[in-house]
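Note sheet for the following structure.
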Amino acid sequence: MPTTSPDKILITVAPTGAETTKADCPQLPTTLEELVQAAQECEAAGAAMIHVHIRDADHQPTLDQTRLHDTVQALRESTDLVVQLSTGGSVHDPLEHRLKVLDAQPDSCSLTMGTTNFGDDVFSNPWPFVCELYQLSQERQVVPEFELFDLGQVHALRRLLDTYGLPYGGSVHCDFVMGVPGGMPGTAPALVAGVAMLPPEVTSWSATGIGRSTLPVMLAALSMGGHLRVGMEDVLTLAKGVPVERNAQLVERAVRAADVARRSPMTPAEAGGLLGLGLSRSEK
Ligand code: KMH
Ligand code: ZN
């Protein structure tokens, strides 16, 4: 992995997540129309990839196959963003439903490297499930993004690559998800430790800090040449008492911070190159 800061930065937006309710946050994009509009605004602001969780007609998290498929199609038709579907879903989604997410043929999928206490809940990712999902991503030619909530999960990535080889496309992209109650803290020392443990096969990494760890993690990641994930899945305020009104505000802030580090946002096509997306959209 390069040790110097690259000129370009991959900004991923995670606009919705599965944890915040529409009632608590009416500006959260939960309908397909709202999601598409948020995606277009975020792309215009500098995002190159979108990490997608969808909701049902009652704004509840769902992994409904038809909705997933329609969402991928709608995002492809209305943006150039790399479309990454969450296979994490919500803490209540059964593992077998999470495996079916790949049927919607996204460009990329999230793949969490182990079980994590998640607030008062448990985000379940038993090893056999991780292996099955990984092999499925290879078979279906979907590029995984390895989600790392804890240092043990970085170590588990070594085990996965040793056992099953490289992902489809040959690149290995990770995302540190920090500051979840139950996972690693969203601090610079934790990020330094995580990056130091990454297997040499890793070609790129990004980081995001949940809640009030958002800014420390963003600044630490920039200082280390990492990429960024931002969005209302991870944080709902711009500052204390200032709610996020649009996901694009978070992308705009990331672009400004990256500019200070003399880095400019990657286009979706450049992101596709970084991530090893093999096929053009028209071929998928
Ligand atoms: N909603 C969390 C339980 C992912 O998208 O893959 C899991 C999550 C990770 O957000
Ligand atoms: Zn997610």
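The values are calculated or read from the model by the stated rules, or taken from the named source; none is laboratory data. These numbers were taken from a predicted model, which means no experiment stands behind them. We place every Cβ from the backbone using ideal geometry, glycine too, and count neighbours over all the protein chains shown.
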When region 45-64 is examined, which residues are found to be closer than 19 Å to K22 by Cβ and part of a loop (DSSP other than H, G, I, E, B)?
H53, D56, A57, D58, H59, Q60, L63, D64
Checked against (1) away from ligand 1 (no atom under 16 Å from the Cβ); (2) over 17 Å from the mean Cα position of the chain (by Cα), S204 satisfies every condition except (2)
From A269, A239, which residue is at pLDDT 95 or above and over 19 Å from the mean Cα position of the chain (by Cα)?
A239
Region 244-259, residues that are touching a residue at least 12 places away in the same chain (Cβ under 8 Å) and not polar (S, T, N, Q)
V244, E245, R246, A248, L250, V251, E252, R253, A254, V255, A257, A258
Please determine whether any residue of region 89-110 is farther than 25 Å from Q153 by Cβ, at pLDDT 95 or above and within 14 Å of ligand 2 (Cβ to nearest atom).
no
Filter result for G226 (at pLDDT 95 or above, within 16 Å of ligand 2 (Cβ to nearest atom) and more than 29 Å from A74 (Cβ to Cβ)):
no
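Table: residues versus (1) in contact with a strand residue (DSSP E or B) (Cβ under 7 Å, 6 or more places away or on another chain); (2) closer than 20 Å to F176 by Cβ; (3) crowded, with 18+ Cβ neighbours inside 10 Å; (4) acidic (D, E).
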residue	(1), (2), (3), (4)
P200	no, yes, no, no
G231	yes, yes, yes, no
V235	no, yes, yes, no
A258	yes, yes, yes, no
Any residue at all in region 161-184 that's part of a strand (DSSP E or B), surrounded by 15 or more Cβ atoms within 10 Å (Cβ to Cβ), touching a residue at least 24 places away in the same chain (Cβ under 8 Å) and among the hydroxyl-bearing types (S, T, Y)?
no
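Yes/no per residue for (1) outside any strand (DSSP E or B); (2) within 13 Å of ligand 1 (Cβ to nearest atom); (3) hydrophobic (A, V, I, L, M, F, W, C):
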residue	(1), (2), (3)
T66	yes, no, no
V72	yes, no, yes
L102	yes, yes, yes
C109	no, yes, yes
N125	yes, yes, no
E145	no, yes, no
Enumerate the pairs (first residue in region 81-105 and free of Cβ contacts under 8 Å to residues at least 12 places away in the same chain; second residue anywhere and part of a helix (DSSP H, G or I) and within 11 Å of ligand 2 (Cβ to nearest atom)) with beta-carbon separation below 6 Å, excluding pairs fewer than 6 apart on the same chain, so at least 6 apart or on different chains.
none
Considering only residues that are under 18 Å from H53 (Cα atoms) and out of contact with any Asp or Glu (no Cβ under 8 Å at 6 or more places or on another chain), which ones fall in region 101-120?
V101, L102, D103, A104, Q105, P106, D107, F118
